[in-house]
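Peer 1: One structure follows; several queries about it will come next.
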Amino acid sequence: MSLQMVSSVSNSSLLQPGFSLLNFDGHVYFFGQKGWPKRSCPTGVFLLDINQNEIKMKPAIFSKDSCYLPPLRYPAICTYRGDTESDIHQYIIHGGKTPNNDLSDKIYVMSLVSKSSKKSTFKCIEKDLAGDVPEARYGHTINVVQSRGKNMSVIFGGRSYVPLGQRTTEKWNSVVDCSPSVFLVDFEFGCCTSYMLPELQDGLSFHVSVARNDTIYILGGHSLQNNIRAPNLYKLKVDLPLGSPAVTCTILPGGISVSSAVVTQIGDTEFVLVGGYQSENQKRLVCNTLVLEDNKIEIVERESPLWTPDIKHCRMWFGCDMGNGSVLLGIPGDNKQMISDANYFYILRCREAEEVEEEELTAQTCNEASTEDPGDSTPFEDSEEFCFSAEANSFDGDDTYNEDDEEDESETGYWITCSAHCNVDINTWVPFYSTELNKPAMILCSSGDGHWVHAQCMDLSETMLLRLSEANVKYFCNEHVDLNKGLQTPKKVGQLKKQPMKPLRKKKAMKLTPVKKSFLRRLFE
């Protein structure tokens, strides 16, 4: 085992505890950044360009038919092949925390569509699930088992927020262990089935799981309810006949007290267990080899690398499997660094030096071949249109991501303060309308020279927003709609035609005869 310090990592502040690494054909990709993605890399997925002891982060893009994938930390991730004879390498991503600390219950499948020296294009699909769908969680595991020619995903453990009915103001974001149920997920039909096994009594999180064929081994983990890291070792066996699946659990001796450890595979049946904690304030500096045979697991201690003084004396560390027997480890930076949340990183190689040199030579040959053929992704050129807000030519030249190149989006573009009651914040915003991906929907106010406002801040319904975008009408925001009404010239109203009045008939004067006059005179005397 060899430990090498990474002298330079571009934008290391994005790599915080809970990140994930995906390995596609020897190329390592980073996922799960701190905060919401910015315009230089709206997907939040980066290629880690590792050259000697330097790491550069290069943005990756999504294809047109991809769904929106938020940056998720502490998700459950595993590799997956839909068919045992298929060469398509995919990753399953379930659960995790968003930058808003919301928990996800969605499941995604990511695959690499094309890779060239300039860009990497991914396809991400969200799977629809039905039945006993696992609740939103983080710190859990997912594995794929194979039995009788069929594949099935197995989800276990993790933590979730206290149910809404039990929350209080003081403990609103309190978390609890998820129930110790085992979930089987059939990707072909999207069906989920949960199993309660008597051997699994307590919920676990941040445990380790490794799978071979139809068997999964679960090691360690932390229980919030008991606040212990018990030396757990469970064996889950999944049988997939034509009828209903059968799941059994066996408690094995010889477990390990560890949480938040990292496992990397170094052979067909061999894995290496690295890092983690054996108690709340004590790191676990011992390494182990896990050997999976047909029906058993063997755990033996192996020689640890020469840990540096910084690693030995730091209180916390974190990391992730890079694939091919390598692990990326991180420790907090000291107070002397310019960036407060920057970290130091190391690459731990668990394979023999001869195997590593042969692998690097093969990778170098592949890289040279891809450089000689710059048009290897020609059929996917149209995928540049799905860069969200990134320009199609933004990946030309030096495509290394640099956070300093980001524009101040709080003053320009989509992240302006559109009104006095604007509540759109680049750090906390999440899609509100179904048409939004990673930018808030905006509409032009026609007052004066015109200015843009967020549709959400104007309390526009999605139906009204679509109607205004399709109709050729002027829109006025909430602050200018009354002013606009006051400035409008009243419409000219035609004069009403008056009906001529009929003239009144004059009453004729009554003529008095001499007889009538004498009668009236006597009447009033």
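Peer 1: I need the peptides 447-457, 187-197 ranked by packing, meaning the mean over residues of other C-beta atoms within 10 angstrom, with the highest value on top.
Peer 2: Listed from highest to lowest mean packing, they are 447-457, 187-197.
Peer 1: Quick check for me: using +1 on Lys/Arg Cβ and -1 on Asp/Glu Cβ, what's the dipole size of region 96-201 about its Cα centre, in debye to the nearest 20?
Peer 2: 640 debye
Peer 1: Further question on the same structure: Going through region 216-324, which GluC sites (Glu not before Pro) have at most 15 other Cβ atoms within 10 Å and a DSSP loop state?
Peer 2: Taking region 216-324 and a limit of 15 other Cβ atoms within 10 Å, the loop GluC sites (Glu not before Pro) found are GLU280, GLU293, GLU303.
Peer 1: Can you list the residues, at least 5 places off or on another chain, whose amide H is less than 5 Å from the amide H of HIS451, using H built in the peptide plane?
Peer 2: Result for HIS451 returns CYS445.
Peer 1: Over the C-alpha atoms of region 14-117, what are the Rg and the largest Cα-to-Cα span, Dmax, in Å?
Peer 2: Final numbers for Rg and Dmax: 13.7, 40 Å.
Peer 1: For LEU468 paired with GLN52, estimate the spin-label separation in nm (one decimal), with each label point 7 Å from Cα along the Cα-to-Cβ line.
Peer 2: With each label point 7 Å from Cα toward Cβ, the separation is 5.6 nm.
Peer 1: Set the Förster radius R0 to 35 Å, insert the Cβ-Cβ distance between GLU352 and ILE88 as r into 1/(1 + (r/R0)^6), and round the FRET efficiency to 0.05.
Peer 2: 0.70
Peer 1: Normalized C-alpha radius of gyration of region 2-353, against 2.2 N^0.38 Å?
Peer 2: Dividing the Cα Rg of region 2-353 by 2.2 N^0.38 Å gives 0.96.
Peer 1: Okay, next question. Quick check: pseudo-label points 7 Å beyond the Cα along Cα→Cβ at ASN226 and GLU280, how many nm apart are they?
Peer 2: 1.7 nm
Peer 1: Taking all protein chains together and a probe of 1.4 Å, list VAL176, VAL274 from the most accessible to the least accessible.
Peer 2: Putting VAL176, VAL274 in descending order of accessible area: VAL176, VAL274.
Peer 1: Does region 243-284 come out rounded, prolate or oblate, given a ≥ b ≥ c as the square roots of the eigenvalues of its C-alpha gyration tensor, rounded meaning a/c under 1.5 and, failing that, prolate meaning a/b above b/c?
Peer 2: Note, shape of region 243-284 comes out oblate.
Peer 1: Return the sequence-ordered ³J(HN,Hα) values of region 151-168 in whole Hz as given by the Karplus equation 6.51 cos²θ - 1.76 cosθ + 1.60 applied to θ = phi - 60°, using x for Gly and Pro.
Peer 2: Listing the rounded values in order: 10, 8, 8, 10, 10, 8, x, x, 10, 9, 6, 4, x, 4, x, 10, 7, 10 Hz.
Peer 1: Which residues in region 246-287 place their backbone N less than 19 Å from a point set 7 Å from the Cα of LYS296 along the Cα-to-Cβ direction?
Peer 2: 249-256, 269-271
Peer 1: Another question, if that's okay. Distance between Cα centroids, region 216-274 to region 104-152: provide it in whole Å.
Peer 2: 20 Å
Peer 1: Under the 0.36 nm per residue contour assumption, what length would be gained going from the current alpha-carbon distance of SER434 and MET196 to full extension?
Peer 2: This chain segment gains 82.0 nm when fully extended.
Peer 1: Residue by residue through region 202-208, what is 3J(HN,Hα) from phi via Karplus (6.51 cos²θ - 1.76 cosθ + 1.60, θ = phi - 60°)? Round to whole Hz and write x for glycine and proline.
Peer 2: Listing the rounded values in order: 10, x, 10, 9, 6, 8, 10 Hz.
Peer 1: Going by average Cβ neighbours within 10 Å, how do the peptides 180-186, 24-30 rank, with the highest at the top?
Peer 2: Top to bottom by mean Cβ count within 10 Å: 180-186, 24-30.
The values are calculated or read from the model by the stated rules, or taken from the named source; none is laboratory data. Since this is a predicted model, take the numbers as computed values, not measurements. Here the Cβ is made from the backbone with ideal geometry for all residues, glycine too, and neighbour counts use every protein chain on show. Ligands, DNA and RNA are stripped out before the accessible areas are found, and what is left, the full protein with its side chains, is counted by its heavy atoms. Shrake-Rupley method; radii C 1.70, N 1.55, O 1.52, S 1.80 Å.
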